[in-house]
Ligand SMILES: NC(=O)c1ccc[n+]([C@@H]2O[C@H](COP(=O)([O-])OP(=O)(O)OC[C@H]3O[C@@H](n4cnc5c(N)ncnc54)[C@H](O)[C@@H]3O)[C@@H](O)[C@H]2O)c1
């Protein structure tokens, strides 16, 4: 199938593009390179540099590519902390960009959509691990913007006959040897710890060591980006058969911040100093996904259930590309 991948020059979108092409799909990437990198886009993908805010660009894209069969929508503002300072960048722009995309795609006759949604929908979970029946309590304007888009999809299904899957990722991590994570600013734990291993930072800050967890640091569920890509492909293949779906996506296992740092020390063989800093507002103690539904319904099986293997894949990319894509 020919697929439009928005944000296909970014971290998860570029790796999913590569996996889609390996699985025999054709890919058109739309990205404005706000965060993404031209060098991350698979050479066999068609690259369109453009912005989802630009409706004429979207109309032109669908006119030029009349045989697009589905959309994977990664492009978004993604920073929880920034969304607390600039809420409308998220509540307005993330929503309007998705609405523009759906409007143009509906006019072009496309009806399949996979959304990058988030664990930030579950700020106050009543059960752990968190399954799809958990009540939605967005933890930030970022999370709320993803919920808005989930609701947009609900109405586009009812009114225009779309089929969609919302994949609520927990902590995406890991890399391919030649495509990896290169965000500016970087906010994710594993690349930050590896920057310390590379001597680019003095120490890693651990925000709070007095949570009610094994060692007092926050517990999160780390899921390899290749496994996220695999889930996208399975979800796409199941859309026509099963109809619209919402899945929580994680390994189902939680690791503390200190356990992640220790895994990075083991894998890199480097000391990696850490300093304990005050808790950050709004960080829940524990977030672990139940991915039983996607395992049961789609047969999804993570290829990287093991934290050391995840870190090793990230270390390979960061060691070989210490300056990210800027280093060539
Ligand atoms: N990284 C995670 O742990 C995580 C967890 C949960 C959900 N997500 C979601 O997954 C998706 C991908 O995350 P990522 O870490 O790869 O982010 P990323 O920033 O690396 O990728 C997003 C891409 O979208 C592009 N983009 C942004 N706004 C655009 C616009 N208006 N028009 C065209 N392109 C635009 C950026 O240039 C970038 O290449 C995002 O929607 C994010 O919210 C990520």
**Study point:** Test: residue 103 is free of Cβ contacts under 8 Å to residues at least 40 places away in the same chain and more than 8 Å from the ligand (Cβ to nearest atom)
**Key:** no
Reported set for region 17-40 where residues are in contact with a helix residue (DSSP H, G or I) (Cβ under 7 Å, 6 or more places away or on another chain), assigned to a loop (DSSP other than H, G, I, E, B) and more than 9 Å from the ligand (Cβ to nearest atom) is 23
Item checked: Flag for residue 205 being farther than 19 Å from residue 293 by Cβ, touching a strand residue (DSSP E or B) at 6+ places or on another chain (Cβ under 6 Å) and outside any helix (DSSP H, G or I) -> yes
Of the candidates 165, 205, the one satisfying the condition of being more than 20 Å from residue 76 (Cα to Cα) and in contact (Cβ under 8 Å) with a residue 24 or more places away in the chain is 205
| said: Checking the structure you have, find out if any residue of region 81-96 is touching a residue at least 60 places away in the same chain (Cβ under 8 Å), touching a helix residue (DSSP H, G or I) at 6+ places or on another chain (Cβ under 7 Å) and assigned to a strand (DSSP E or B). | reply: no
Check: Is it the case that region 65-85 has a residue that's within 14 Å of the ligand (Cβ to nearest atom), assigned by TED's automatic domain parsing to the domain that holds residue 233 and loosely packed, with under 15 Cβ neighbours inside 10 Å?
Finding: yes
Given (1) farther than 17 Å from residue 5 by Cα; (2) within 13 Å of the ligand (Cβ to nearest atom); (3) in a loop (DSSP other than H, G, I, E, B), residue 127 misses just (2)
The residue that is farthest from the ligand (Cβ to nearest atom), considering only those in region 166-178 that are surrounded by fewer than 24 Cβ atoms within 10 Å (Cβ to Cβ) and over 12 Å from the mean Cα position of the chain (by Cα), is 177
Within region 49-58, the residues that are in contact with a strand residue (DSSP E or B) (Cβ under 9 Å, 6 or more places away or on another chain) and either within 8 Å of the ligand (Cβ to nearest atom) or within 19 Å of residue 11 (Cβ to Cβ) (or both) are 49, 50, 51, 52
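The values are calculated or read from the model by the stated rules, or taken from the named source; none is laboratory data. These numbers were taken from a predicted model, which means no experiment stands behind them. Neighbour counts are summed over all protein chains in view; Cβ atoms, including those assigned to glycine, are modelled from backbone coordinates with ideal geometry.
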